[in-house]
Structures are given as structure tokens and as C-alpha cells.
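The values are calculated or read from the model by the stated rules, or taken from the named source; none is laboratory data. None of the values given here were measured: they were computed from a predicted structure. Please note: Cβ atoms are built from the backbone with ideal geometry, for glycine as well, and neighbour counts cover all protein chains shown. When the accessible area is computed, the model is the full protein with side chains, heavy atoms only, and any ligands, DNA or RNA have been set aside. Shrake-Rupley method; radii C 1.70, N 1.55, O 1.52, S 1.80 Å.
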Amino acid sequence: MLQSLRQRQLGAKLSDGEVSVESFGNDRQALQAARDGVALCDHSGWGLLQLAGSDRQQFLHNQTTNDINRLQPGQGCNTVFVNSTGRALDLVSAYLTDTAILILVSPNRRQWLMAWMDRYIFPMDKIELADISEKNIVFSLIGPDSSQLLTKLGLEDLMQQPEGNHCLVTLEGASLRLAVGSGLGLPGYTLIVPIADAAEVWGQFIAAGAIPMGDRAWEVLRIQQGRPAPDKELTEDYNPLEAGLWQAISFEKGCYIGQETIARLNTYQGVKQRLWGVKLNQPVEPGTAITVEDKKVGTITSFAEIEQQPFAIAYVRTKVGGEGLIVQIGEATGELVAVPYLTHEYYQASKI
């Protein structure tokens, strides 16, 4: 299915049954481009779900943490699926069009969230739920030169617009949906491209100067930026306030699944742990306990080697301290640091 695109992606090492690109053999260059230039990341393994029907907006509003009802076609936002006790299931991006809502979900949550939402669709609901992942490919344009590259390609419609805003554009006859936001705490854009146009769009962006990035470099960048991922930072052990996803939560909206727990945690300042970056003096394994004065205070959830600097993200108990705290992880020593993607305070909906 993706053969024509893969032919454009020379040097790519495929993974997951050729669903996604593990690496282009240029991880260091790609990471540098994301920080100082522009990188183009292939998210072929991510899921894209579609909600149609006249009740679609209210339905997603009732299922997730953000204020979906405030959105107009051409707008979007990040929002979190949570269970009845407020535990995080997935961080997704929702994009409203005139006829549907497109939901970009994590690679390992595609089928799971389809089943989850289907459980809450009642016979009288005017909801049509579809998995359109096989018909589209998602790319992320990441880095401070992203807007400059769009200008070079004649795609300027969304510059200076809020994150989540999106529109359909045409590039050399190829159609794609362009959305503001890279999915990280870095400038950039998200591209949703029909499968028939994916190879042409990829080739145009690479020819214009974007550096290709695979999953391995993306994972390093995700950890450095602090974006939580399902089965790592987003599990039924943690809630989105602990995960630093306050920017994806509305405290003004009405009832939704898990709302009572999240509201109570906010009202009574009940967040007992939070997600931090950890600078390390040596590698550690995810799942390793974090200690202070021989007492367990947290757990490593993800680890990466970033330019020979071991780095992790971890949940740490709030009562023991925050940024600058020195902790022990087995034989390793670490220092808690803030990471760009996370916020740990109320973020007004008007700012999203």
C-alpha cells in the first residue's frame, strides 16, 4: 500500500511490519533540524479516526477533557480520553471540518479507541464512527524554519494562527490538510495527506529542504520535550493533571467521563505526583524506582540517550520537591528539570 511512498524515502529502515519508518539513518541530523531548522517526520503508524453525524461534536465533548463545543470548523485542539476515574487513556488532536471531526490518535490506541467510543454510542445517537487511517498518512513538520518552508512552497494560509487551526491546501496538484502544531513543544505543522498524494507531498517537502525523521528520532525528541505517551506516561495509574496536560483540559465545560475526579483534584489541589524531565549521569531502565534518602518517590517511565546525555521522564511525588531536586535511580544520579511540552497549572481555554 505504501510502496510508492517508501520508494521516495530512500535509506529508510522500516519497522512494525512496514507500517512506520524506524530511521532514515540520519537521527542526529534529524534531531538537529527539528531544533534549528526543519524536519519532516513520517507518522504512518498513527491512527486517524473520523466522527460524522449531527451529534458528533457533543459526543466528543462528552468523551474527552477539552471544550470541543467551543470549536468552529477550521479549528482544533488537543484533548484527553480518560476513564471514569479520570485516568489518562490517550492524548489526541481533534480537528473540526464542516462535515466531520478528525481525531489523530497514538499508534497503539487506534483500534482500542474505536472500541471505546463505540461503547458509548447509543441507538438514537446520530454518530458515524470510522477508522480512516488506511486512507491517509500523517506527517509532522517540526522546527523553527517550518513556516519559512511553507512560504517557499506557496502554503501560507495558517501562519500566525492559533495551534489547532487547519485548512485544506493544494501542493502541485496534491491535496492535504495543514494544521498548526507539531505535536511537541516546538514550532511546526501537522499534515494529513490522502494516501494517493502522500509520495508527491513527501517529495515536495524534502526537495524544499526538510530533513526526513523516523520513529527512533521522534521518540528521542518526544522524551526530550516531555510529551507523554500511552503505556508509558499515559496509563490507568495516572491522570492528565499529573501528566502535565492541563492545556488539554477545560474546567468550565459540563459533565464528561472522569470529570468529577479531575475537578476534585484541581479544586482541592490533590495532585500528588507530576511528570518531570530527569538529567542523568548514566543510563537507566524504564520502570526503575526513583528514591530520595532511600525512600521511593517516583518511577522512570521513558528513557533516551540525547547526544550522549542520558535523559528520562518520570513521575515524582510533589511533596519531595521539584525542579533542581537531586534524586537516585539505582546506581544513577539524576536532577529534575522542566520539559517544554508540559504545563502544571490552569490554562484558560481562550489561550489554547
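The figures follow:
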| read-out | value |
| --- | --- |
| Residues (surrounded by 24 or more Cβ atoms within 10 Å (Cβ to Cβ) and over 9 Å from Thr65 (Cα atoms)) located in segment 76-85 | Gly76, Cys77 |
| Residue that is over 19 Å from Trp202 (Cα atoms), surrounded by fewer than 23 Cβ atoms within 10 Å (Cβ to Cβ) and small (Gly, Ala, Ser), where the choices are Ser23, Ser54 | Ser54 |
| In segment 157-198, the residues that are surrounded by 20 or more Cβ atoms within 10 Å (Cβ to Cβ) and on the phi > 0 side of the Ramachandran plot | Gly164, Gly181, Gly183, Gly188 |
| Qualifying position, being among the aliphatic types (A, V, I, L, M), part of a strand (DSSP E or B) and crowded, with 18+ Cβ neighbours inside 10 Å, among Val278, Val201, Val284 | Val278 |
| Residue within segment 343-352 that is farther than 18 Å from Pro240 by Cβ and over 24 Å from the mean Cα position of the chain (by Cα) present | no |
| Answer from Leu191, Leu168, Leu178 - the residue that is farther than 29 Å from Gly244 by Cα and in a strand (DSSP E or B) | Leu168 |
| Filter result for Val138 (of a type in the set (A, V, I, L, M, F, W, C) and free of Cβ contacts under 8 Å to residues at least 60 places away in the same chain) | no |
| In segment 150-164, residue nearest to the chain's Cα centre (by Cα) [restricted to those that are in a helix (DSSP H, G or I) and touching a residue at least 12 places away in the same chain (Cβ under 8 Å)] | Leu150 |
| Boolean, Thr291 is among the polar types (S, T, N, Q) and closer than 21 Å to Thr343 by Cβ | no |
| Qualifying positions in segment 328-343 - open to solvent by less than 40 Å² (accessible area, probe 1.4 Å) and either touching a helix residue (DSSP H, G or I) at 6+ places or on another chain (Cβ under 8 Å) or under 15 Å from Phe303 (Cα atoms) (or both) | Ile329, Ala332, Gly334, Leu336, Val337, Val339, Tyr341, Thr343 |
| Odd one out for Arg119 among (1) open to solvent by 10 Å² or more (accessible area, probe 1.4 Å); (2) in contact (Cβ under 8 Å) with a residue 24 or more places away in the chain; (3) within 19 Å of Leu49 (Cβ to Cβ) | (2) |
| Any hit, segment 287-305, residues being in a strand (DSSP E or B), touching an Asp or Glu at 6+ places or on another chain (Cβ under 6 Å) and either among the hydrophobic types (A, V, I, L, M, F, W, C) or surrounded by fewer than 21 Cβ atoms within 10 Å (Cβ to Cβ) (or both) | no |
| Qualifying residue in segment 258-267 (condition: at pLDDT 95 or above, surrounded by fewer than 22 Cβ atoms within 10 Å (Cβ to Cβ) and among the small types (Gly, Ala, Ser)) | no |
| Yes/no for Ser147 being more than 17 Å from Ala94 (Cβ to Cβ), small (Gly, Ala, Ser) and in a helix (DSSP H, G or I) | yes |
| Segment 204-247, subset surrounded by 23 or more Cβ atoms within 10 Å (Cβ to Cβ) and among the polar types (S, T, N, Q), residue farthest from Leu141 (Cα to Cα) | Asn239 |
| Qualifying residue in segment 80-96 (condition: farther than 14 Å from Leu129 by Cβ, modelled with pLDDT of 95 or more and more than 17 Å from the chain's Cα centre (by Cα)) | yes |
